[in-house]
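A.B. asks: I'd like to ask some things about the structure below.
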Amino acid sequence: GQFLGGLGFVMVEKGTSLLKMMEISVAEAEKRTGKNAVNMQETYTVYLIETRPVDAASEGTNPVPDSLWRRYSEFELLRNYLLVTYPFSVVPPLPEKRAEFVWHKLSADNMDPDFVERRRVGLENFLLRVASHPDLSSDKIFYSFLTEENGWKETVFETGFQAKADSRLKALNATFRVKNPDKRFAEMKHYGDELQSVISQLLRVRARAADRLYGVYKVHGNYGRVFSEWSAIEKEMGDGLQSAGHHMDAYAASVDDILEEEEHYADQLKEYLFYADALRAVCRKHELTQYELEMAAQDLTSKKQQREELATGTIRTFSLKGMTSKLFGQETPEQREAKLKMLETQIEEGEELVKERNAECEEFVKSAWVDIERFKEQKDHDLREALISYAIMQISMCKKGIQVWNNAKECFSKM
Amino acid sequence: MSGFVVDSTVSSGNSSVAIPTDISGQILDLDEDDDLEVFSKDTTVTDGSSFNASMQTSPASMINQYKFEEDAEDTKDIFVTVDNPESHVTAIETYITYRVVTKTTRSEFDSSEFEVRRRYQDFLWLKGRLEEAHPTLIVHPLPEKFVVKGMVERFNEDFIETRRRALHRFLNKIAEHPIFSSSEDFKIFLTAASGELTSYKKQGPGFLSRMGETVKAVAAAVRGVRNRPQEFTEMQEYVEAFSQKISSLDKVTQRIVREQKEYLEELKECGPTYALWSQSEEELAEPLKDVAGCVDRCCKETEEQVKNLNDNLIPVLHEYALCTETLKAVLRRRDNIQADFEAKTEALATKKADRDTESKVLSLAWDSLVGRSPEEVKQQKQQTLKGEIKEMRDDLDKAEDRLEWANNALKSDWTRWQKDMRTDLRSAFVDTAERNVNYYEKCLAVWESFLHSQRTDAEGNGNVDFS
């Protein structure tokens, strides 16, 4: 597997070609100023994407990697393109646009260096996930995102994905009722809702607890100060107090690293918080295709019924034409013939459409379910790893605590 | 000894108000009964904790007596415990009594085991009596009457338990003190039945003599001390600085407890959230439930740790903060004794000067009017002055003795107190550090067992190693 910028392993599928060919990383972040679309000065951050052929590294030579700069909005564009083009894929999420679930020490400012650094890691993670996805990794737009600095945006727009995006997105936002959704997808959607809700709650609670823990540790710094002052007025107790004070200072300072590490854990959770959204999007798309199929089928059924009525003369379905002809007299046999012929054509077309849509639906269900299964496995693996790394963090924190307080105890006993 | 006792922990309207005892003429007469008691028995100094008055005639030799042995611990012959709080309801009031159990091999006690019930008022009385009798010795503080912040109900369980422990420590400090432990008042406190104690409490110097001493003491206090020895000034500066430090430590520790409690509140929500999550999962259900369990166990440990700080470290810090008030009072009393001595010295000098000038002046006019010869008058006047001077000299001698006694007593007790303080605070902090180590060790074990279970699962499934 490929190590994901500090966030764990990514499971690489057999079909993936891209990661076998190249190493990808988001190496740096830089601030830039420039004029935006409305000709106003703005400051933004750009990220350096480095790519290097895998073979080169293994041959022992270490050529300079290819690199280009991209800003967050370009990543967003790439993702939107992928969403539209691969509707049956659970598309990896981007790191959050704005810092949420902050606790007091972290700045909610997008320009804050800690935030930028964590975003850099998150963007790298995103690229690696896409590059290891069986379907997404072979996408040409993705490849050129990594390799062609200039003109990439134009290339994306040329695919015309936006047109599809508009109609699809509109449909996704509309409410519609599906009569026979695939039960599995309905369950998955429900799961996505639950996952999003519970991870949000966990992130909130964790942030508050981190804030409090910070307070506990930092107050111990006051011990350091008072012990130091106290040691100045004592003779025999002075040394013990002074050195104990230093350990109290060390204890207070140790919380910064502890909480920084926990932020990585929070980031892992956040990724799956956003993944929940991607999962739900796939389920919604299934509903859409199913709905379109059902609409087409419904339309076909009604047309068939109309033909039957016309043929047998019985009116079971209401139609304005039928009513008016009843009121104002029957149609001529020629008129009826013409109508029947039209209906036949429509029915033929309708049957084609239903077949098409059915195939689409089946295709979608098949592909989507494959990716959902893949996603499930990835999620179970990654989150288990995350829990384990959380336990390791706690253990490390406990070991530090044991060390500091043992040291302090020794100093106190010399008081 | 005269000396105005200012003690904020003592209430008024009670026989336990610290009143200076009038012991004019008998500097050794600190506890009358005690003297007789000790005098009539064949007491030998074993660990220096019994005060044998019969062997003393001067403060100097008394101080030698005072030097207690370093190994007082090994020869401890009295054990006091305070426990078993009980509530008593009468028509007028509700109050708590505590059981006080004494086990001792000391000969001045009639028996080897005693059990009595005492209420807070009784402890206050004892403290007052000890301070009265020994104004420049350092009496360990009592827990306060009411806790200032947040406590409304006097009969709250935690409050009673905290108070019980403090009362226990108080009596043990008294028992360990070389002078206090042989106090008759202490003995009565430990052994007398409730009725006996009440009647004993009612004895004591009369109201008028108390008033007289108080007036004298106020005068001395107003006058102030002129030539305080350097060491007592240094002591005062130390007490001032120490008082600030210890009160800071008290505040810091209380703040830590507050922050820990708030942390605990948040942490308590984490476990249930992991548990909730596990309900939506299949493969992840097990590890999520385990993590929830770990977080909950760590919560319990954190709760325990907070309780420890509250029960162990904070009371000790608090007591030493109260100690500083006692120390300040003791230094003030010593100053007053010195001021009194200085005043008397001045008065005697003035009187002597009067006598000298008097012998040169002949006031004839009045004396011839009353029909006495100048010689007679002069003689008479000289005689009167001589008498007055002798009285003042005696008074001054006593005051000088009182001062020397007070100074030496304070110096020795100061050394003892510093040693005690060092021991107490050291063990309190060592104890706290140890408990913190235990806390982290327990949490460590919790998370390591989780890791272990995950590893064995992984190995079972043939998954990757996570070292």
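A.B. asks: Helix A:161-173 versus the longest principal axis of chain A: what angle, 0 to 90°, nearest 10, using Cα atoms?
C.D. replies: With rounding to tens, the tilt is 90 degrees.
A.B. asks: Normalising by the residue count of region A:201-308, find the relative contact order in percent from Cα pairs under 8 Å and 6+ residues apart. Walk me through the numbers before you get to the answer.
C.D. replies: On the way: 53 pairs, mean separation 27.2, N = 108.
Reported relative contact order: 25 percent.
A.B. asks: Holding the Cα-Cα limit at 26 Å, pick out from A:Lys379/B:Lys261; A:Lys376/B:Lys289; B:Lys145/B:Lys251 the pairs that are longer than that. Write out the running numbers ahead of the final one.
C.D. replies: Values: A:Lys379/B:Lys261 35 Å; A:Lys376/B:Lys289 19 Å; B:Lys145/B:Lys251 19 Å.
Distance filter (> 26 Å) returns A:Lys379/B:Lys261.
A.B. asks: Considering every residue in B:293-303, what mean count of other chain Cβ atoms within 10 Å of its Cβ is obtained?
C.D. replies: Details: counts 0, 4, 3, 0, 0, 2, 0, 0, 0, 1, 0.
Average neighbour count from other chains, rounded to a whole number: 1.
A.B. asks: To continue, here is another question. Could you check the spin-label model distance between B:Asp354 and A:Ser138? Points 7 Å from the Cα along Cα→Cβ, value in nm.
C.D. replies: About 12.4 nm, to one decimal.
A.B. asks: In addition: Within 15 Å, Cβ to Cβ, of A:Pro93, how many net charges do the neighbouring residues add up to if Lys/Arg are +1 and Asp/Glu are -1? Can you show the working numbers first?
C.D. replies: Details: positive: A:Arg79, A:Lys97, A:Arg98, A:Arg118, A:Arg119, A:Arg129, A:Lys270, A:Arg280, A:Lys379; negative: A:Glu76, A:Glu96, A:Glu100, A:Glu124, A:Asp267, A:Glu271, A:Asp277, A:Asp371, A:Asp382.
So the surrounding residues net to 0.
A.B. asks: Just checking the output field for A:281-289: average partner chain Cβ neighbours within 10 Å of each residue's Cβ?
C.D. replies: Details: counts 0, 0, 0, 0, 0, 0, 0, 0, 0.
If you average over the peptide's residues, the count of other-chain Cβ atoms is 0.
A.B. asks: With label points built 7 Å along Cα→Cβ from the Cα atoms of A:Arg71 and A:Val54, find their separation and express it in nm.
C.D. replies: Reported label-point gap for A:Arg71 and A:Val54 is 3.4 nm.
A.B. asks: Please work out how much accessible surface A:Met21 shows to a 1.4 Å probe, ignoring ligands, DNA and RNA, in Å² rounded to 10.
C.D. replies: Its heavy atoms expose roughly 100 Å² to the probe.
A.B. asks: When we measure straight from the Cα of B:Lys378, which lysines land under 29 angstrom away, once same-chain ones fewer than 8 places off are left out?
C.D. replies: B:Lys344, B:Lys351, B:Lys352, B:Lys360, B:Lys386, B:Lys390
A.B. asks: So which lysines pass the test for A:Lys179, namely a Cα distance under 17 Å, with those fewer than 8 places away in the same chain ruled out?
C.D. replies: By straight Cα distance, A:Lys179 reaches A:Lys189, A:Lys285.
A.B. asks: With contacts defined as alpha carbon pairs under 8 Å and 6 or more residues apart, what's the relative contact order of region A:128-262 in percent? List each step's numbers first, then the result.
C.D. replies: Details: 60 pairs, mean separation 22.1, N = 135.
So the answer I get is 16 percent.
A.B. asks: For Cα pairs less than 8 Å apart in space and 6+ apart in sequence, what is the mean separation divided by the residue count of chain A, i.e. the relative contact order in percent? Can you show the working numbers first?
C.D. replies: Working: 463 pairs, mean separation 79.3, N = 415.
Averaging sequence separation for qualifying contacts and normalising by length gives 19 percent for chain A.
A.B. asks: With a 1.4 Å probe and all protein chains kept in place, how much accessible area does A:Thr345 have, in Å² rounded to the nearest 10?
C.D. replies: Looks like 70 Å² after rounding.
A.B. asks: Would you calculate the separation in nanometres between label points at B:Glu303 and A:Val38, each defined as 7 Å from the Cα along the Cα-to-beta-carbon direction?
C.D. replies: Here the modelled spin labels are 5.6 nm apart.
A.B. asks: Related question: If I fit a long axis through the Cα atoms of helix A:333-413 and take the longest principal axis of the Cα atoms of chain A, what angle between them do I get, 0 to 90°, rounded to 10?
C.D. replies: Helix A:333-413 and the main axis of chain A meet at about 10 degrees.
A.B. asks: Which net charge results when you count Lys and Arg as +1 and Asp and Glu as -1 among the other residues whose beta-carbon is under 12 Å from that of B:Thr432? All intermediate terms of the calculation are to be shown ahead of the outcome.
C.D. replies: Working: positive: A:Lys409, B:Arg426, B:Arg435; negative: B:Asp311, B:Asp431, B:Glu434.
Counting the neighbours of B:Thr432, the net charge comes to 0.
A.B. asks: Hey, which of these cross-link pairs are over 25 Å Cα-Cα: A:Lys399/B:Lys307; A:Lys164/A:Lys341; B:Lys127/B:Lys411?
C.D. replies: Numbers: A:Lys399/B:Lys307 22 Å; A:Lys164/A:Lys341 34 Å; B:Lys127/B:Lys411 20 Å.
A:Lys164/A:Lys341, as the Cα separations exceed 25 Å there.
A.B. asks: Between region A:117-162 and region A:176-224, what is the separation of their alpha carbon centroids in Å?
C.D. replies: Result: 29 Å between the Cα centres.
A.B. asks: So, one more: Under 20 Å between alpha carbons, and skipping anything fewer than 8 positions from A:Lys339 in its own chain: which lysines qualify?
C.D. replies: Once the sequence-local lysines are set aside, what remains near A:Lys339 is A:Lys303, A:Lys304, A:Lys321, A:Lys326.
A.B. asks: With runs of 4+ DSSP H residues as the only contributors, calculate the mean residue ellipticity of chain A at 222 nm using -39,500 (n - 2.57) per run, divided by the residue total and rounded to the nearest 500. List each step's numbers first, then the result.
C.D. replies: Numbers: 11 runs with 284 residues, N = 415.
After summing the helix terms and dividing by the residues of chain A, the value is -24500 deg cm²/dmol.
A.B. asks: Per residue of B:244-255, how many C-beta atoms from partner chains lie within 10 Å of its own C-beta, taken as a mean? All intermediate terms of the calculation are to be shown ahead of the outcome.
C.D. replies: Values: counts 4, 9, 2, 1, 7, 5, 0, 2, 10, 4, 1, 5.
Across the residues of B:244-255, the mean count of other-chain Cβ atoms within 10 Å is 4.
A.B. asks: If you don't mind, another one. Which order do you get for A:His220, A:His247 if you rank them by accessible area with a 1.4 Å probe, largest at the top? Before the final figure, lay out each step's value.
C.D. replies: Working: A:His220 10, A:His247 45 Å².
The residues order as A:His247, A:His220, largest area first.
The values are calculated or read from the model by the stated rules, or taken from the named source; none is laboratory data. This is a predicted model, so every value here is computed, not measured. As a convention, Cβ positions derive from the backbone with ideal geometry for all residues, glycine included, and neighbour counts pool all protein chains shown. Calculation scope for accessible area: heavy atoms of the full protein, side chains included, ligands and nucleic acids excluded. Shrake-Rupley method; radii C 1.70, N 1.55, O 1.52, S 1.80 Å.
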